[in-house]
Structures are given as structure tokens and as C-alpha cells.
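The structure appears below as C-alpha cells.
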Amino acid sequence: MKQHKRNLVAGGICFAILIASISMIEAGGFIRIRPSGDVYRWDDSVPVPFNPDQGMLGVLSNTDAVNMVNGSFGLWGNTNIPTSNLSFINAGQLSMDVVTAADFAAVTGTSNGLSPIIFDADGSIFEALGIDALGFASINVVTATEPYLVLEGFAVLNGDYIDGDTSDGNETTLESFGGVMAHEFGHFLNLAHSQVNGHYFLGDRDDPGFITYGSPPAASLSIMFPIALGLPGEPTGPTTDDIRTISTLYPAGGFPGAFGKIEGQVFENDAISSFQGANVIARNQNDPFFDASTWVTGLLKDSVNPSTFGAYELNGLTNDASYTIEVVNINSRFEGPSRVPPRDPPVPLPGPEEFFNGANESSDAGSDQPLDFTVVTATGTVSGIDIIFNDESKLVQLDKSDNNAEFILSVQSLITRFNTPNGPNDYAAVRYSIPASVHTPFTVSSFKFFNNDNLTVWPRVLLTTANASDQPDLDNPLAEVNDVTGPERSLITVPTGVTRTSLEDIFVVVQFPPGEAVAASGSGGGPAIGADAGRIGRGGFEFGYVPGNLFSSDGITFQETNTAPDIGSPDRSVDAANWEMSVQLTGDNLGPDNLEPNDDLANATPISYGETMKAVIAPAGELDYYEFTGSAGDTIQVDIAAQTHGSMLDGFLTLLDGNGTPITVHDDEFSGFGEDPKLQTVLPTDGNYFLVMDVWENVANGQPLGGPSYFYELHLDTFSPAFEPNNEISQATPLKVDEKLIAAIDLKGDIDFYSFNAQAGDFLATQVFLADVGLLDPVVISFLSPVVTLFDTDGTTVLETENASILQTTLPSDGTYFLAIADLDSSGGAGFFYAVSIEVGLELPSPVNLTARDGLKDKVELSWTPPQVNEIEPNIQPQNLSGPAPILVAGSAEIGDPGGIMITFSNGIVDIVEDLFDVRTESPGLNLRLTGTSSDLDLWLFALQSGSLITLGGPSAEDRGTISDQTINVSTLPPGSYIIGVSIFDSNPVGPSTSPYRLIINGDIPGTGPSLQSFNIYRSETSNAVSSGSAIANVGFRTTSFTDQNLAANTFFYQIT
């Protein structure tokens, strides 16, 4: 399933009241910057003040929350970061507990000398403000004149994510939430977001640094990364880039002068125009991820000095270390609250991402390859490290992941799965056809291959054409380099500079060392080409599936399939993702294709089933028309291969009838998996049809899109969808219990029927999977909004769910049943894939009837009182509690009850713990909350160790004299038996001598009863009927009511299961 991510919101973004009087610009290092380029900063000659809220924060008491705030601010201080001059002071709590949006406005909307740290105990403030985030922060009062100081700021923290309630999907660990605090306090200090290393985990993996150095560890992310990804090892405090940025804004003595510094400009391909909004990254060759710094060009732009628009500076670098400098895009999802400005939304780079290349740095892609670099030694200040974007109008990049590039493998050892020595001419190769936008003469400027073994010496790497057998000509190469070596997990670039006057196919060939056994990447030995598919993307998401022939030197043919992407599957000869190669072409006359003119109906290019057309959207703004003849009932598929070929084209495909009337359109093939159209439909009548190829949103910045880099291939054919025809009950596909079938709603209006056998009383559970279906990368989500219908043997509808992936019911009789799956909007196509499975014979839990508290005909208000355990007096011997959690205990504490444990405080005061309970946990962690009290009650946690009673949690002498909820949360508490105590302060109670209480216990506590975390609510017209169909609501011990509306009948029964 797609990983759940939550935004961390940079301040000043959502609230006009905070910035109404000040022009705000946010940048990739700092949030508030003057038009002159001066940065607002707190006065670090004195401690920076903050004012904590009075309330709780999720499960944290106010004391615990304030302590956590103190610690998080300390992470930015000079004790933790010696190069920073910052220190902090708790300037006293706010005079109120901020609990509403109005309270929030009251403490942040005016200049009042306060810098609030607001604890939204349960997320209600965020909800009222319409913000779905873990936190947000800003500076909101600054001086209008030099030295441009920050006077007040604020941060708001969302306790809903640490309230112990996992049923709403909004829960994180206290450790991770500490990282949220550190992030928001960075904004409080005027730091903006940084994407360094983190965008790799969002699928943005084509940076030169990632290609060269591999995958960054999660621990190398910036704490100022805009999204909390929830990755193991994700930082909870400042890392290198954060430390250098905060030290640049608040430098201690010796910074940055005692460190290395690299600075320069980034230019467009005219080498004159500065480019603002590019992310410049310096990576230490010996520690490329943890010693990495970033700067967004134009960060300190002076509006009257154009030379600052493309400027960057990288401070605090390791003295005398060797750095590569690269320029990359800002990830497109970083806009609005998550932006990494100065440009919002991010703007596309005017050329490919690339390294600084020293004396060869230019706009010429032939001499300045994007992955070629010259290291810069950071000794003192190094200036003039300028980067010029390549001219993309003269560049075409072809990748081995192209859908129709032929991948060729001639390796003897493959006969026995990588355990036989290579033969003298064993090799891996890719065959490339030349795109339609390339005209002769052109230059093959270089090719690359991904080396995954730094111990291998590749005897021959060459560029060649086909021999008489239509295979790579090893004897007459166009260019050849011998005995090639390179770093592990890096692309090796082989310059060629071969000029071609022919458009015949070319081959990139890498020969394996004779006598050694080739290894699949990541298999642990032998020469290997390519990135580890298991490490960076299941089954080749990074490089794409490569259909094509694999053959060995003895003539045996190996078939590769893209229906079994799992690594090591016996159905594959080799994983396609493990063989990465590419070739780069340059030329001065790249342009329109030879099919022109075909930009209207009258000049449409003829095409037939089975044909492929190579073309290019050039000149910019044009359309390409194709005409074909079809018959009624033909199921056609039109594939566009553009971005999968390295093209810039985001295609938009339209099918017209013979009169030019649109029938259907298609944009992206898959959500999140490329932007090439795949159109599928059934032709309604005999006759002529037209296909129109266009650019999606074909105007940018007022200019039409198109040009030599907008090339594509269009393939037209008929096809037979999997399991089709199964559009009727009589054609139903058999479905076995626990079997998962993978299919798609291939066409608009398609319905897929499945059949299975069952007996009366069997409980049926049907699930339709829309992600991780086994065909695609887990991050790919289907477009399908499923409608699942169950029919009995006679074809009568038993149950239907809409836009729900689960159907559950008890079957009424023996026989054959049928499932129908369709799309809610009757849409369809390749992106409407799914997997379906059934389980039969499960027993449904016994229903618990839920009745209306108050009701009208068309609206019923319902509430549910969770079952609870009553305290049993006397319980000086601990009362045993069994799970599953949460456990709700209703009790009463009274002065004079017999006591079980005596507590002596440090000041000599003695208290007696009257009510004792014991629980046993089976995994780490225990969370306790005491609420609903009317007197001064205390909550305790004890453990028995070697016969002695150890206090693990409870109040201190200083906590006396208040009536409030209490919480004990020990996330690292090891599994075992523990004693929980509730006491009323005997010596000098505040409040009455008797008090009720509710004790909520959460943890992995074994038991046989129902869990109260989450229950489904079902509606029935029959009392005590077994629940069926889709749940209409969900309740639990935290959500105890809901409303059922728009009812048609007079009487309903509700059930909890």
C-alpha cells in the first residue's frame, strides 16, 4: 500500500492575519527575507524566548510536553551545535490554555510580547483551521528597520498524533513527534524547508548524485524536509544541512571562516541569464549523504542586483574535502505549505540536472555530459563554481528502459542461473532505434552503463551496429574502450563522439570478463551490471520492464516476462532492472518528423493494426493526426511510448470518429507510474477513425510546448483482455478460495464476473485490492472506484457495495454464487487494475445491538457507551485486568480505604495507594490515563523486581494540590507484569474525600474480550440480524457517537461487530 505521509507546514503559509503587514518571501534556507536579500533573525546576543501553553498535548501532561519542548529547542542551541550562537529561555507559560481557533487568534494575531508554543491537545484547533498537519510554525512580528530582527514567533503542535488512538490513522511515536517539534522550531527560527536526500524517497531518483553514489540512508535527511515519511532511522533532530544553515543565520565565532565554502552562479544555456530556483547540492566524495549541503539559487536575491538571481553559497563545508557540485530540480510536490522556495510552485529547470564539470562546463551536451564532474576542494572560500545548463534542443537521451528497446543478453552462465563461467564473447547489450526527431548527421556523444561491482574489469565496452545476423557486430565497432573499471553502484560514462549519417539501429555492448561467473545484482558475487532492483524498487520500477529476447552464446533462447516482477522469481531469466544502459545523441538539426505535414484531418497519416509510427511534436504547438479503418466490436489499444523513452512529452491522446467527433480521450497510463497514454476501447461501428496526439497542458509561461525532445512512438493494435469475455454471469471466471486473481476493468462500462461455490451459513469475505496487486510497484494506485455485487445461483442480487473494497455477508443457501466487479463511474482502462480474493467459512463475531438514543424518520442520533470494567473493593491485592486493550476501568477513590502501597515523597510526605490493578503486556510500551476525577487523585505505575517494588511513574511532591487528568506513557517499557495504582491524597486533599475516576489502559495486553479501539456499525431492518454489507460508521472508545441520515423507513436496528 502507499505509505501514509503527513505534511509539516512551514509558517506564515495558511494565515493571512500573520503576514498582512509584512511582505513575506520564503526560500530554500530561510523563510522571511527582505527584498534586499537581508534575512530576518532573532537577536542571538540574548536567549531566544518562548512561552509554552498550559494544556496537555495528546497523552503528554503539561509538564511532560514543556520538558519535551525545552529539549527540542536545545537541539538548535549552541550546546548541541557549537557553530551556532543560539540559546533559549522558557519565558513563562501563557496565561491561558489555548483550546479553540479563537484562542489561537488571540495569542498570535497581535503583538503582545509573547512567542506561544501552542499544545493542541486533541487536534481540534487544526480541524477548526482546516489544516491536516502534524504542526505549523512561523515568525509573526519583526522590526521594520535594520538590523531586521524577529521579535515574536509561534508554533502549534497537533496532539491528535500522540493521543494513543490509532483508529483514526493519525498516530506517531513520541520519538518521531520529537522530530516534528524540532522541525517546527526550525521554522520558528526562520529556517525554511530543505529537500536534501529526502526527495529520493518520493521517487525522484534521477539526480546525478543518486546515480553516482546510490541510495541515501533515511538518517541523512534534513530535519527540515517538508514531509514526515515515517521511515526507520528518519532523523529527529538537526543533521548536517540543518546545522550549516542555522549556523549561517546565527554564526558562532569562527563560522564560517574556519570552514570550507563554495559559491557560484547557475546560468541558463546562454551562459548569461541567471536561473533562480535550482537546488545546488555539494556532496563530499568520501561521505556523499551525511556530508551534503544544499542551497536554492537566488535565495538571497537582491531585487536591484540581477547577479544575485542565480547565486548560491555553501557554507560550513569540511576543510580540504573534495566535493561534487550538482544542480537538481525542486521536487514538484513541494508547493504551497510544503514549498522549498523562492519559486512556488517549483519551476522546471531549463536543462537536464547535471554536475559541475570544471573547464568543460558549458551548454554543449557533447562536451559537458550531465554526469561528468570535476571535484572541488573546499579549502577556504572557493568562488566562481558556475554551472551552465545544457541546451536540450540539441540533446536526445535514449534509455534501456525504453519500452521497445531490445535488451540482449549473451551470457553462457545464464544457462544454469549464474553459476557457470562466462564464455569469451558473453555480453549484455541494448539495441536502440533512432527517434523520428533525429536527422542526419547526428553525433552519438556518449553512452553509460550502471556498474554494480567495483572489483570487475570490463574487457570491452563498445558502440556498434548490427552484423549480417542482425546481432551486435563485435568485430567492427563504431567506438570501443577496453579494461573499464569504476565505483560500485555508479554509472560509468564512455565518451564516443561518433558522427552518424545513417539512421540504422545502434547497440551499446558491455562484455563480461571471460572465465568469471556473472552475478545478478545484489546476489553477492561476480561481475554485475545494474542497480539492485530489490533495494530501490520492486521489479524494476526505476528502470522499467524490458520486453525483448535474451539469448546465450550456445543459441538457447531465454524468455523474459513482465508478469512476474518479484526478485528471484523462477519465471524470469534475469531481473530487467539489473541491466541499466543509456546512449546520448546530439545534433544541430533535431526537429520535425518525416510524417509531416499531418496536423489536421485532411493530412492524417494512415496507420493499420500492428503498426508503429515514430514522430515528434515539432514545431511546438502542433498536433499529429493518424487515420485507420476498424470494424464494429474491435477492441483496440493505442500505446504511446514517450517519457519511457526519455522524451519530455506528456502526451494526450484523442480518438475521433470518421466525422471528427471525439469518442474518448486518454492522458496518463497509470496514476504515479509514468505519463504516457494507453487508450483502450471498443469501436462502435465499421468505418474510419482518427487518433490525435497532443501535449497535455500544451502551453507553459505563454509559450506552446514541443520541439525535438518531444518525440514519441505510437503503436495501434487489437487486444484480448485477461479473463475476457466475462461480462455476463454465463461467462463468469471461476474463483477459488484464498486465490488472488489480477485483472482490470479494461474498457468503459466493462463488468467482470467471477463464480465460486459455498454452503448455507458460510461467512463470505471478499476483498478488491487497488494497490500492491502483484503486477506493479506497490506505490501505484488503481483508478478503480469498485462496485462489488454478489448474486445467488439464480442471478438474484444478494448484496452490493459502492466505492468499497470489502464485501462481507453470511450466505443463505448452498450453491454457486457470483461476484461482479465494475467501476462506480463506468470508466475503464489499463489504469483500472485490481486483484480480487475471497475467503469463505469464517464466522462473524456475535453482533451487539445498538439502539437509537433519539430519532426522527430521516435522521437518527446514536451513541454508544463502551463496556467497562468496574473496580472491585477492596483491591489492596491487585485486581487482575485482561485485554485486549484499551481497558476502561470505572472506579472510586475514598480517603480511609485500606491501602496497599505506601509512598514517601522526597519532602517526607507520605501517601497511601488504595486501588491497585495488575496487567501483563506482551510487547514494549504501556500508556495510562486517569480522567473524570473530582478530587486530587494520583496515578502510579510499579514493577516487581527481585521481590522489591520499583516505582516507574507517578507524581512528585511538587504536583500536589491540583485536580487534573494524569497520564503515564512509557513507550519503551519491556513486556512483563506491572501494577497500576490510583490514590487520593490523604494528607491534604483538594476537593471532596471521595472521587470517581476512569482509568484507560492501552498496550499489548492479552485477553479474549472485544477490543474497544474500533468497531464497525451496520444497519439492519431486522432485530438481531447478522451484520452484512458495508459498515455505515465506525466507533470506538474515543469515538462513541455518529449520525445516520436520510433514512427512508421508520424502524432500524444497529449492530456493533
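The values are calculated or read from the model by the stated rules, or taken from the named source; none is laboratory data. Computed from a predicted structure; not experimentally measured. With ideal geometry, Cβ positions are generated from the backbone for all residues, glycine too; neighbour counts draw on all protein chains shown.
Tabulated results
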read-out	value
Extreme residue, nearest to residue 241 (Cα to Cα), among residues of segment 267-295 that are part of a strand (DSSP E or B) and touching a Lys or Arg at 6+ places or on another chain (Cβ under 8 Å)	293
Condition check for residue 184: at negative phi and surrounded by fewer than 24 Cβ atoms within 10 Å (Cβ to Cβ)	no
Count of residues meeting criterion [in a loop (DSSP other than H, G, I, E, B) and more than 15 Å from residue 978 (Cβ to Cβ)] in segment 878-897	5
Segment 182-201 - residue that is more than 19 Å from residue 134 (Cα to Cα) and assigned to a helix (DSSP H, G or I) and, of those, nearest to the chain's Cα centre (by Cα)	201
Answer residue from segment 882-919, given it is β-branched (Val, Ile, Thr) and more than 41 Å from the chain's Cα centre (by Cα) and is modelled with the highest pLDDT among those	913
Residue check, residue 277 of a type outside the set (A, V, I, L, M, F, W, C), surrounded by 24 or more Cβ atoms within 10 Å (Cβ to Cβ) and touching a strand residue (DSSP E or B) at 6+ places or on another chain (Cβ under 7 Å)	yes
Out of 401, 393, 363, sole residue that is closer than 26 Å to residue 441 by Cα, under 25 Å from the mean Cα position of the chain (by Cα) and modelled with pLDDT under 90	401
Segments classed as strands (runs of 3 or more DSSP E), wholly inside segment 796-849, with at least 3 members that are buried (at least 17 other Cβ atoms within 10 Å of the Cβ), in the same structural domain as residue 742 (by TED's automatic domain parsing) and at pLDDT 85 or above	815-823
Subset of segment 118-155 (residues that are touching an Asp or Glu at 6+ places or on another chain (Cβ under 6 Å) and under 18 Å from residue 224 (Cβ atoms))	135, 137, 155
Meets criteria (among the hydroxyl-bearing types (Ser, Thr, Tyr), more than 22 Å from residue 326 (Cβ to Cβ), more than 17 Å from the chain's Cα centre (by Cα) and in the same structural domain as residue 132 (by TED's automatic domain parsing)) for residue 236	no
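Here is a yes/no grid of residues against (1) of a type outside the set (Lys, Arg); (2) modelled with pLDDT under 50; (3) under 30 Å from residue 953 (Cα atoms):
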| site | (1), (2), (3) |
| --- | --- |
| 1 | yes, yes, no |
| 15 | yes, yes, no |
| 38 | yes, no, no |
| 58 | yes, no, yes |
